[in-house]
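Here the structure comes first, spelled out in structure tokens, and everything after it is commentary.
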Amino acid sequence: MRPDIASLVFTYSSVDNSASGTNYALTNAPQCLQPSGGSTDCLFLNIWTTSLPGSPALEKSSLKPVMVYIYGGGFTTGSASSPTTDGGNLAARGDVVVIAIAYRLGALGVLTFNDGIHKGNYWISDQISGLQWVQEHAADFGGDPSQVTIFGESAGAQSVQALVASPKARGLFRAAIIQSTYVDTYLPIPQFVAQFTNPIVAEAGCANSSDQVACLQAYNATALTLLPNPASSTSQTITIDGTYLTTSFIDLNATAVNKTTSSVPIMIGVNRDEAGVLNPPPVFTNISASFYNLNPGEHIQSPSDAVIAAALASGAFPLGTGPTDNNTLENQVFNATVRFYTDYQLKCLSEFVAYTGVATGALPHVWFYEFNRTYQDPGYNGNGVCQAPVTPTHPYGDPSLEYFKCHAGDLEMNFGNFARDGLPERDEFDIPYAQRLTDYWTSFARNLNPNPSPAYLVARGYWNTLSQNEFAGTWEPVNASAPSMMLLQWNSVMVPFGDVEQCAVIGESLDSLLG
């Protein structure tokens, strides 16, 4: 461990070029400190590559596109070395270099002070330092630093969105993939300090210290991580620090392009039933009681009473529709509740970001998707409704039947690691479907377009993807006059944006950012 690591807590990171000699990078570094353990000396990267050139004279034409992954976990948990998001399959099948960046979590990543120096957002400084390292060293691992795509899920998606919004990140990537980001606005520093920092300072016994930062730096880091902290109670962990982030949300006005916002192509989307992971499951027989009394869980911002009242009065979230059997009133209420919280927290936000970026011209191209086939990690299964139902012919679940396509259910398929995680094939389509997703994602990194060329698929023998793409047709970018998305499933299809009426009712219409 670095001897000066304690003094670096609540400071902004930079690329460390002090290492000399030979470094053996054959084992994973410790995860960043979180409730399950870890270390404060954690800011490393993991790299998956099929090419180690070993020569600075390598021709640029042989360098591969780079995909930089930012993990999720609500800004409190997560790791760059999770088996679920191991980048080996993406690198090998997609002919890319995959790099995962570690970043600080919990209070150590976000705590903000009113001193004009420690302004929060340490996590994004870690991510930007990682991207700067990629610019300097990607070619050493066969990657082209001019062809970097950033991608992430959940808090990782929120990070990607913030990086697109950050003036400090401009020029460090050429494309972005935002997977299941959630409602959030960036807080002014005084509000963050009053709401989150002051209670933590008091809990740590530093309220009366003349130097609260030094007091917390001397406080046991593990104990600090276990204190109630902002990243465990709300999604509002991001501040307007004036350097890394200068606006309260991603600015998609055309005038912001090349000033704060990076004008890059993006892919963005959600899982159909994100909020199905609500845990514990609500048991209500009254839709009003369910909407008003449900705690949506960690990291999620609850809707206001006014939003809930508008949703209930509109009739836009009726009983009797949804994946769960509607044979009981409790199930009917649960279905409606999942739809409401999915729309409010994730779907509407993603749709209006995509629409606005295209309508204003701030983003050159946007491709939208919705997962309608997922494979939920049993360790993140909420109330158990996120798995395909078991039948006599499908003992591990039948994905062709209805079930909730929940938050994080895309990752096992997206990275193709479900077998490595000990999850069996549910049917004959799980593997070719996961391969096809890899082909979409890596095509976007290679070509700034998720549609892989037929010639490429033929050359590599990817016949299943070729056949499925012929069935689905071209994944068209979002058109502001008639926005559509790819419904990702076996036999995918293009469909219009979903729940547009519902989003308008709860104040998140497609033109919300155009005022």
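The values are calculated or read from the model by the stated rules, or taken from the named source; none is laboratory data. Nothing here was measured: the structure is a model prediction, and the numbers come from that model. Glycine gets a Cβ as well: all are built from the backbone with ideal geometry, and neighbour counts include every protein chain shown.
A few remarks follow.
- Residue, surrounded by the most Cβ atoms within 10 Å (Cβ to Cβ), within the stretch 231-252, restricted to residues that are aliphatic (A, V, I, L, M) and modelled with pLDDT under 95: I238
- Output for the stretch 314-336, where each listed residue is out of contact with any Leu (no Cβ under 6 Å at 6 or more places or on another chain), assigned to a helix (DSSP H, G or I) and crowded, with 21+ Cβ neighbours inside 10 Å: V333, F334, N335
- Residue in the stretch 105-116 that is surrounded by fewer than 19 Cβ atoms within 10 Å (Cβ to Cβ), under 30 Å from F192 (Cα atoms) and without any contact (Cβ under 8 Å) to a residue 40 or more places away in the chain present: yes
- Any hit, the stretch 195-208, residues being more than 21 Å from P228 (Cβ to Cβ) and not charged (D, E, K, R): no
- Among the residues listed as E370, E330, the single one being of a type outside the set (F, W, Y) and in contact with a strand residue (DSSP E or B) (Cβ under 8 Å, 6 or more places away or on another chain): E370
- Sole residue being out of contact with any Cys (no Cβ under 7 Å at 6 or more places or on another chain), modelled with pLDDT under 95 and not β-branched (V, I, T), chosen from D421, D430: D421
- Pairs are defined by a Cβ separation below 8 Å, a sequence spacing of at least 6 or placement on different chains, a first member in the stretch 485-498 that is crowded, with 17+ Cβ neighbours inside 10 Å, and a second member that is of a type in the set (S, T, N, Q) and part of a strand (DSSP E or B); the pairs so defined are F497/S484.
- Here is the figure for the stretch 49-79: residues that are assigned to a loop (DSSP other than H, G, I, E, B) and at pLDDT below 80 total 7.
- Scanning the stretch 160-178 for residues that are over 22 Å from V110 (Cα atoms) and within 16 Å of the chain's Cα centre (by Cα) returns A175, A176, I177.
- The residue of the stretch 20-48 that is surrounded by the fewest Cβ atoms within 10 Å (Cβ to Cβ), among those that are in a loop (DSSP other than H, G, I, E, B) and on the phi > 0 side of the Ramachandran plot, is G21.
- Contacts under 6 angstrom Cβ, first residue in the stretch 500-513 being crowded, with 19+ Cβ neighbours inside 10 Å, partner part of a loop (DSSP other than H, G, I, E, B) and among the aliphatic types (A, V, I, L, M), 6 or more apart: Q502/A316; V505/A316; L513/L252
- The single residue among A139, A92 that is over 25 Å from N414 (Cβ atoms) and surrounded by fewer than 24 Cβ atoms within 10 Å (Cβ to Cβ) turns out to be A139.
- Residue within the stretch 341-362 that is over 23 Å from S400 (Cα atoms) and outside any helix (DSSP H, G or I) present: yes
- Of the helices (runs of 4 or more DSSP H) that lie entirely inside the stretch 412-514, those containing 1 or more residues that are within 23 Å of the chain's Cα centre (by Cα) and more than 19 Å from L90 (Cβ to Cβ) span 500-505.
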